[in-house]
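These notes concern the structure reproduced below.
FYI, it's all coordinate maths here, none of it is from the lab. These numbers come from a predicted model, not from an experiment. Glycine gets a Cβ as well: all are built from the backbone with ideal geometry, and neighbour counts include every protein chain shown.
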């Protein structure tokens, strides 16, 4: 798709939005689920916008739409957990992305941290964070979290999101079973 609608040498806003959506469909992203505990119980959603921000101190970020049913809980919480999903967790990603789904029902394996936040079972990694900042970013909010704990399970490949579908990495012919 090319941008044909040009104004002052730049794409018109509507055309730029179309290019933006098309470009990011081609950007493969890791899949995460963000959870927190609200007054009404556990809350969570699928996110592909998780990014590392800083090593010292350890900070990460994610974006959330203000129209999301999870936004009020994220807006009001002081802490949350980011779960990096493993290749075998397409069903978890789909469940937490679906509107109106019973995300913490019988199909979901999870437990609570001593601090109350829900932690999903079988993930490649999870990171507990305290909220540092929330920024307005168009129709989303960008949340920055300070990592205060977590765990990593080695041997789990990542779940990816690309072109509207979940996928996994394929082994390259030059990959070997032995890694340093």
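Using R0 = 25 Å, the C-beta based FRET efficiency linking residue 27 and residue 152 works out to 0.55. The residues 75, 107, when put in order of fewest to most other Cβ atoms within 10 Å, stand as 107, 75.
Report the calculated FRET efficiency for residue 169 and residue 136 (r = Cβ-Cβ distance, R0 = 35 Å), to the nearest 0.05.
Step by step, r from the Cβ atoms, then E = 0.50.
Protection proxy ranking for 31-37, 60-66, 41-47, using the average of other Cβ atoms within 10 Å per residue and placing the highest first: 31-37, 41-47, 60-66. Derived from the Cα gyration tensor, the three semi-axes of the equivalent ellipsoid of region 22-67 are 22, 18, 9 Å, largest first. Within region 73-95, which residues have the backbone N less than 20 Å from the label spot 7 Å out from residue 54 along Cα→beta-carbon, could you tell me? Within reach of a label on residue 54: 78-82. Here is how the number arises for the chain: DSSP H runs of 4 or more residues each give -39500 (n - 2.57), the sum is divided by the residue count, and the result at 222 nm is -4000 deg cm²/dmol. Here is the size of the chain from its Cα atoms: Rg then Dmax, 18.0, 57 Å.
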